[in-house]
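Asker: Pasting a structure here, questions to come.
The values are calculated or read from the model by the stated rules, or taken from the named source; none is laboratory data. Bear in mind the structure is a predicted one, so any value in this text is a computation, not a measurement. FYI the Cβ positions are ideal-geometry reconstructions off the backbone, even for glycines, and counts take in every protein chain you see. Accessible surface is based on the protein model in full, side chains and every heavy atom, while ligands, DNA and RNA are left aside. Shrake-Rupley method; radii C 1.70, N 1.55, O 1.52, S 1.80 Å.
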Amino acid sequence: MKEERIPLTKQQKEIMQEFYSIARTKVIFSKYDRGVLWKQATKRSTSLDLQNLKARCPALEHQIRKSVESGNNIQSAVFSECAYAQTLANMLKLDLFVNCTDEPDFIPQEVTCLIHSYNLVPRYVYSTKDKRRMLIQAGSCEGIDSALITVIDFVIYTIEFKEPGAKVSEPDLPKYGEDGKLKITKKFLNDYPQFESMLNEQKNLNIFDNIGHNINSFSTESIKKAVQYNYSNKYAHVICTEDVDGYFVMMPVNQVQLWAELEGEIRTAGRNYLKVWTPRALHRLMSQYNPSIDGTKVKIEKNKLETRKQRGGDGKISGYKITSLFFVYAKDCDDDGLYISFDITKVRQLKPTIAGKMFFKKLKYEEVKSYYMKLF
């Protein structure tokens, strides 16, 4: 670990002093336990004890119940966020739990206005019974994960919860053209300036030349900039994660590089999709499967295409890949067992993304505490 004496801000020092004055605490559900819960939740398992879960972590119980009611699978990262927030609430003796959907007026109006200024939308509150102190669990792609607020004087400490291996952000990149060349627009750089250096290092990237591959060749400095600026832009003070033994750990956001291995990545086929915007490229790439095409109707041997599986659940096939960049939903296909047929207008194209990533592979609670206790 490279020694870098970066001064702590007043808020960082105060919240970390309090955190490390409390006995070290393990996250209420281990990574393994969260994995088991996630599988049970996504498979709608009847063995999942929601009543017991509600007593231990009511936010997570509510998220699972919502996913069942909506039919949408819950993201595994939500399990960690809820477990981390409950762990911190237990440490700070915030014993009163409130679901903001059920009690939207529980948070004082002044506090609501304050947290909205941080791009936070409240979901759950962990509070003292006198409401003098609150941990507010919130969600927003543009905001931080939570805010610890001392209501009596409006002191706010902003907190990000991150798993030991996590992306700090992953925005969609601008659409490339029929030539496959990466485009770096002024609008994107205005919205996500933290990625400018990483993008400049890949300005000659051609998506079509890298089908099925992600791009990870970036300089240490460009990745560091992407990670650090991301959190300063979100106004976060500290990050909470877990160490290799499952103990809850807190560190300043601008010093994450002292404790984590940082990586950068461009995914040529990300998680979001649009109608096809490079139709000529689609026809060119589709030709390798020797399709039968009649107008907009396409017929391809089923065994030539890779499948997309539904997240969680029973692994049901949700679609068929036309290379990693394009896919068509199974519900939009006719399947006779040997061939699938579909209208080419139903094909979807995945957008590329860019991200900074951090991995706390060797993190130890005692090492972090010892390092910062010298600075308090």
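Asker: What number comes out for accessible area per residue over segment 296-370 if the probe is 1.4 Å? Units Å², please.
Answerer: 50
Asker: Let me ask something additional. Between Thr9 and Ile152, take the C-beta separation as r, use R0 = 25 Å, and let me know the FRET efficiency to the nearest 0.05.
Answerer: For R0 = 25 Å, the calculated efficiency reads 0.75.
Asker: Moving to a separate point now. Label-point separation (nm) for Ser287 and Glu306, each offset 7 Å from Cα along Cα-to-Cβ?
Answerer: 2.2
Asker: Show the residues, 5+ positions off or on another chain, whose built amide H is closer than 5 Å to the amide H of Ser169.
Answerer: Gly356
Asker: Ok, one more. How much accessible area per residue does segment 1-59 have, in Å², with a 1.4 Å probe? Kindly include the intermediate steps, with their values, before the conclusion.
Answerer: Details: 3790 Å² over 59 residues.
Normalised by residue count, the accessible surface of segment 1-59 is 64 Å².
Asker: How fast does segment 124-282 diffuse by Stokes-Einstein, in µm²/s, taking the Kirkwood radius from C-alpha pairs at 10 °C and 1.306 mPa s?
Answerer: Numbers: Rh = 18.0 Å.
Using the Kirkwood radius from Cα pairs, D works out to 88 µm²/s.
Asker: What is the dipole size for segment 22-110, taken about its Cα centre, with +1 at each Lys and Arg Cβ and -1 at each Asp and Glu Cβ, in debye to the nearest 20?
Answerer: 640
Asker: Another question about this same structure. Setting aside same-chain residues fewer than 8 positions from Lys203, which aspartates and glutamates have a Cα under 20 Å from its Cα?
Answerer: Those aspartates and glutamates meeting the cut-off are Glu170, Asp172, Glu178, Asp179, Asp191, Glu221, Glu263, Glu265.
Asker: Short version: ³J(HN,Hα) in whole Hz for each residue of segment 119-134, in order, from phi by Karplus 6.51 cos²θ - 1.76 cosθ + 1.60 (θ = phi - 60°), x for Gly and Pro, what are they?
Answerer: Couplings: 6, 9, 10, x, 10, 9, 10, 10, 9, 6, 5, 8, 6, 7, 9, 9 Hz.
Asker: Which of the chymotrypsin sites (Phe, Trp or Tyr not before Pro) across segment 183-288 are loop residues per DSSP, with 14 or fewer other Cβ within 10 Å?
Answerer: Taking segment 183-288 and a limit of 14 other Cβ atoms within 10 Å, the loop chymotrypsin sites (Phe, Trp or Tyr not before Pro) found are Trp277.
Asker: Kirkwood Rh over alpha-carbon pairs of segment 246-376, then Stokes-Einstein at 4 °C and 1.567 mPa s: what D in µm² s⁻¹, rounded to an integer? Can you show the working numbers first?
Answerer: Values: Rh = 18.3 Å.
Estimated via Stokes-Einstein, D reaches 71 µm²/s.
Asker: Have a look at segment 281-349 and give its Rg and Dmax from the Cα atoms, expressed in angstrom.
Answerer: Both quantities, over Cα of segment 281-349: 11.5, 36 Å.
Asker: Still on this structure: Using heavy-atom solvent-accessible surface (probe 1.4 Å) with all chains present, what is the largest-first order of His283, His62?
Answerer: His283, His62
Asker: Here's something else I'd like to know. Once amide H atoms are placed 1.01 Å from N in the peptide plane, what residues at a sequence separation of 5 or more from Cys100, or on another chain, have their amide H within under 5 Å of its amide H?
Answerer: Amide H neighbours of Cys100, under 5 Å, 5+ apart: Tyr124, Val125.
Asker: Of the accessible area of the chain, with the probe set at 1.4 angstrom, what percent is carbon plus sulfur?
Answerer: The C+S portion of the solvent-accessible surface of the chain is 48 percent.
Asker: What percentage of all Cα-Cα pairs in segment 1-144 are separated by more than 18 Å?
Answerer: Roughly 63 percent, once rounded to a whole number.
Asker: Okay, moving on. Over the alpha-carbon set of the chain, work out the extent along each principal axis and list the three values in angstrom, largest first.
Answerer: Here the Cα extents, ordered largest to smallest, are 70, 49, 39 Å.
Asker: So which trypsin sites (Lys or Arg not before Pro) in segment 47-142 are both in a DSSP loop and have at most 16 other Cβ atoms within 10 Å of their Cβ?
Answerer: Loop-located and lightly packed - Lys93, Lys129, Lys131, Arg132.
Asker: Subtract the Cα-Cα distance of Arg280 and Asp343 from 0.36 nm times their separation in residues, and report this length gain in nm to one decimal.
Answerer: Full-extension gain reported as 21.1 nm.
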